[in-house]
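Engineer: My structure is below; once you've seen it, I'll send some questions.
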Amino acid sequence: MVTDRASIWQSVLYSHTRIFGTLIWAAAAEMSESISYANVCHLGSCCLVPADMRQAFDFYVICSPLSVCRGGLMWRLRKILIWVLGIYITIPVIIKVCPSIQAKLVFLNFVRVPYFIDLKRPQDQGLNHTRNFYLQPEEGINIGVLCSLGYHVVTFDYRGMLSGSPSEKGMTSDALFLYQWIKQRIGQKPLYIWGHSLGTGVATNLVRRLCDRGTPPDSLILESPFTNIREEAKSHPFSMVYRYLPGFDWFFLDSITANDIRFASDENVNHISCPVLILHAEDDAVVPFQLGKKLYDLAAQSKSLNGHKVQFIPFPSSLGYRHKFIYKSPQLPNILSDFLSAPHPHV
């Protein structure tokens, strides 16, 4: 009978182990028939064990499920931390060894967002009076062009979206090709150049070339511009986790330079001789507001822009225009009309 009771309590302890994840090991000896119960509680584990059974055991060990769970959780967190740290260290090394990856991150020509839009049918996207066509600035290079017949707006894709590989030199050449293509068709009518975000770097490159040739455009409009690609890359949200890493410039910024990517608008404004309008939202998280303001300050002091209108229009954070919604401003048509000194066309 005693042996049976001891076996029963061993089974109880074993079941407690299976259920709660505790570690209990005991060796049974002879036990008396008188059994009184004691409630044994230890760090969250709770079971009923005969009081005299504790003496009957040669030894027993009880480890709480909480401590076991804590140990397992800490091990898992440690593994996750090691993986995250490994990835964190590996990314800069890969970018440094393969600088072409950095070029793709600058141009993002592999991103198709939204993916299912067919720009061959612009009317399906609400772009009425708009047509799509393709031009070939170089052999084997095609660029897509959208032309809005109502507002006489012509926009084009970066090189690399359809064919070829993107580069600062190539994109500037494509912009120059399209400018000349349009100029041949409009004659002496005014032609304004508008750049947004990375396109502001292309736009200032283009206008600098035109001004160096003695054929400046009628005006240059820069929306959410930056000073140069190094300062923009250092301020971009993607660089936040590496910004204070020792060697950040060497790992990331020098890799951009190795791809011959500069987009030095801060230098270009010293060679531009046409009216310049800069638009920037204060809550822009992609291209910080201070970079656009800094570019304006440099343009305002430029000798080449002396005598030309240079204007900066900030949009308060309360409007929520951020990086790409300045076009929603109801004041924008009037801003453009005032700057261009021409009445706004009612289409």
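Engineer: Looking only at region 68-116, count how many residues are in contact with a helix residue (DSSP H, G or I) (Cβ under 7 Å, 6 or more places away or on another chain) and open to solvent by less than 70 Å² (accessible area, probe 1.4 Å).
Structural biologist: Adding up the residues that qualify gives 7.
Engineer: For GLN123, which of the numbered conditions (1) free of Cβ contacts under 8 Å to residues at least 60 places away in the same chain; (2) open to solvent by 30 Å² or more (accessible area, probe 1.4 Å); (3) more than 25 Å from ILE326 (Cα to Cα) fails to hold?
Structural biologist: For GLN123, the exception is condition (3).
Engineer: In the list ASN270, ASN306, ASN259, ASN228, which residue meets the criterion of being open to solvent by 50 Å² or more (accessible area, probe 1.4 Å), under 22 Å from LYS169 (Cβ atoms) and not charged (D, E, K, R)?
Structural biologist: ASN270 is the lone residue from the list that is open to solvent by 50 Å² or more (accessible area, probe 1.4 Å), under 22 Å from LYS169 (Cβ atoms) and not charged (D, E, K, R).
Engineer: Collect the residues in region 113-170 that are assigned to a loop (DSSP other than H, G, I, E, B), more than 29 Å from the chain's Cα centre (by Cα) and at pLDDT below 75, keeping them in residue-number order.
Structural biologist: Of everything in region 113-170, those that are assigned to a loop (DSSP other than H, G, I, E, B), more than 29 Å from the chain's Cα centre (by Cα) and at pLDDT below 75 turn out to be LEU149, GLY150, TYR151.
Engineer: Return yes when TYR321 is open to solvent by 10 Å² or more (accessible area, probe 1.4 Å) and either touching a Cys at 6+ places or on another chain (Cβ under 8 Å) or closer than 16 Å to ALA203 by Cα (or both) and no when it is not.
Structural biologist: no
Residue by residue, here is whether (1) aromatic (Phe, Trp, Tyr); (2) modelled with pLDDT of 95 or more holds:
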position: PHE263; (1), (2): yes, yes
position: SER273; (1), (2): no, yes
position: ALA281; (1), (2): no, yes
position: VAL286; (1), (2): no, yes
position: LEU291; (1), (2): no, yes
position: PRO330; (1), (2): no, yes
position: ALA342; (1), (2): no, no
position: VAL347; (1), (2): no, no
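Engineer: For region 238-253, state whether one or more residues are surrounded by 20 or more Cβ atoms within 10 Å (Cβ to Cβ) and at pLDDT below 95. Walk me through it before giving the result.
Structural biologist: In the first step, residues of region 238-253 are kept if they are surrounded by 20 or more Cβ atoms within 10 Å (Cβ to Cβ); the result is 252.
Of the ones still in play, those that are also at pLDDT below 95 are 252.
Yes, that holds for at least one residue.
Engineer: Can you name the residue in region 211-223 that is under 26 Å from PRO333 (Cβ atoms) and open to solvent by less than 60 Å² (accessible area, probe 1.4 Å) and is also nearest to the chain's Cα centre (by Cα) among such residues?
Structural biologist: The qualifying residue nearest to the chain's Cα centre (by Cα) is GLU223.
Engineer: Check whether at least one residue in region 330-341 is in contact (Cβ under 8 Å) with a residue 60 or more places away in the chain and assigned to a loop (DSSP other than H, G, I, E, B), and report yes or no.
Structural biologist: For region 330-341, residues in contact (Cβ under 8 Å) with a residue 60 or more places away in the chain and assigned to a loop (DSSP other than H, G, I, E, B): absent.
Engineer: Suppose we keep only residues that are touching a residue at least 60 places away in the same chain (Cβ under 8 Å) and closer than 22 Å to VAL207 by Cα within region 126-170. Which one would you say is most open to solvent (accessible area, probe 1.4 Å)?
Structural biologist: That would be LYS169.
Engineer: Further, regarding this structure: Does region 237-256 contain at least one residue that is polar (S, T, N, Q) and closer than 16 Å to LYS104 by Cα?
Structural biologist: Filtering region 237-256 down to residues polar (S, T, N, Q) leaves 239, 255.
Right, trim to closer than 16 Å to LYS104 by Cα and you get 239, 255.
Yes.
Engineer: Being in contact with a Ser or Thr (Cβ under 9 Å, 6 or more places away or on another chain), open to solvent by 50 Å² or more (accessible area, probe 1.4 Å) and under 22 Å from ASN228 (Cα atoms), is that true of even one residue in region 292-303?
Structural biologist: Checking region 292-303: at least one residue is in contact with a Ser or Thr (Cβ under 9 Å, 6 or more places away or on another chain), open to solvent by 50 Å² or more (accessible area, probe 1.4 Å) and under 22 Å from ASN228 (Cα atoms).
Engineer: Just checking: which of the helices (runs of 4 or more DSSP H) contained wholly in region 220-322 hold 3 or more residues that are under 26 Å from LYS96 (Cα atoms) and touching a residue at least 24 places away in the same chain (Cβ under 8 Å)?
Structural biologist: 229-235, 254-258
The values are calculated or read from the model by the stated rules, or taken from the named source; none is laboratory data. Bear in mind the structure is a predicted one, so any value in this text is a computation, not a measurement. All Cβ positions, even for glycine, are placed from backbone atoms using ideal geometry, and neighbour counts span all protein chains on display. All accessible areas refer to the heavy atoms of the entire protein, side chains included, with ligands and DNA or RNA removed. Shrake-Rupley method; radii C 1.70, N 1.55, O 1.52, S 1.80 Å.
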